1. When only DSSP loop residues count, what GluC sites (Glu not before Pro) in segment 252-304 have their Cβ near at most 14 other Cβ atoms within 10 Å?
2. Which value in deg cm²/dmol, rounded to the nearest 500, describes the helix-derived mean residue ellipticity at 222 nm for the chain, given -39,500 (n - 2.57) per DSSP H run of n ≥ 4 and division by the residue count?
3. Could you work out the mean projected area of the convex hull around the alpha carbons of segment 167-282, in square nanometres to one decimal?
4. For the chain, what proportion of DSSP beta bridges, expressed in % and rounded to the nearest 5, is antiparallel?
5. Helix 310-321 against the longest principal axis of the chain: what's the angle in degrees, Cα atoms only, rounded to the nearest 10?
6. Before I look further, what does segment 83-197 give for accessible area per residue, probe 1.4 Å, in whole square angstrom?
7. Under a 1.4 angstrom probe, counting protein chains only, how are I130, I319, I51 ranked by accessible area, largest first?
8. For segment 227-339, with every protein chain kept in place, what is the accessible area per residue (1.4 Å probe, Å²)?
Amino acid sequence: MFRRLFKATTANPLSSPFTALSLRPFSASVQNVESLELAKSTTTFIHPTAIVDPNAIVGLGVSIGPFCTVGSSAKLGNGCKLHTGSHVYGNTELGNDCVLMTGAVVGDDLPGRTVMGCNNVVGHYAVVGIRGQDLKYKPGDECFLYVGENNDIREHTSIHRSSKSSDKTVIGNNNLIMGSCHIAHDCKVGNSNIFANGTLLAGHVVVEDYAHTAGGAAVHQFCHIGSFSFIGAGAMVKNDVPKYMMVAGDGPELRSLNLEGLRRNGFTATEITSLRKAYLKIFMPSQEDARGFEERLSEVEHDEKLANVPAVSYMVHSIRKSFEGDRRGICKHRLWNSS
């Protein structure tokens, strides 16, 4: 091509072969790149050492690396990537663009189903969607796990299916679940939560949205963790944590509002001031205040100014719900008035 272009341009001394080369090949190279990108997005690659059942459904642009396993009932969405030695078992569905890092396992060859939405990352040697560690489980029962979208599930984490067919384990969207966390059977986790390394959730725990746990925190079964709350490092939580609050310590206690978390998540100065006033009235009465907890809570509910702030109403509602039915009540305040 270079010779042909050079001969064509030598008749005109003002024309340069380098000009021709810089234009025509550039246009061709753009087309080549576009074609290559299109091919990459639609071509599925399966390494010769991978074992993919012929009945598995594999989308476009999927990459399955060495020594991977994909079972007969598996469904892999477009653009999924399975790194070396990762496995998808049982009736499992991965949404588009999910990534399984080396050693990750998703699903189990048991009755039931594991479903993950799009853009989830399952870290190195994490195990997601296997049978729960619950003695109530009966062989043959269907059990379920549903995971939303855009979750980052880091290395060595375990997330288990439900313990019975009438329930399910649920993980929402946009959660960061750091290394070596455990989410047990029948848990319900909302959206945009951050679980630091080694966080442990026992069975049937409910975590709402935008909650944050520090490293090594553990939560007793059936507890509820409210939105925008914070659990300190190493805390062994045995009771509910209401919305917006911070608990910490051994035998964790309510310490304050999660003020930094509220600020980071866009709560206004007015909302935070109102929440602080309500918190002080409920949990930190003066020594001269001989009223019981219920009376103080009721005062906040009927306060003309505080009752009109939605965040305060949500906090009070969260506290009250913790004492209903079989709920476990709330963590004690470090200055708790037992009256």
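The values are calculated or read from the model by the stated rules, or taken from the named source; none is laboratory data. These numbers come from a predicted model, not from an experiment. Note: ideal-geometry Cβ built from the backbone for every residue, glycine included; neighbour counts use all protein chains shown. What goes into the accessible areas is simple: the full protein's heavy atoms, side chains included, and nothing from ligands, DNA or RNA. Shrake-Rupley method; radii C 1.70, N 1.55, O 1.52, S 1.80 Å.
1. Passing sites in segment 252-304 are E288, E304.
2. Estimated from H runs of four or more residues: -7000 deg cm²/dmol.
3. Answer in nm², one decimal: 6.8.
4. 5
5. The angle comes out near 70 degrees.
6. With the other protein chains kept in place, segment 83-197 gives 38 Å² per residue.
7. Of I130, I319, I51, the descending order of accessible area is I51, I130, I319.
8. So segment 227-339 comes to 54 Å² accessible per residue, rounded to a whole number.
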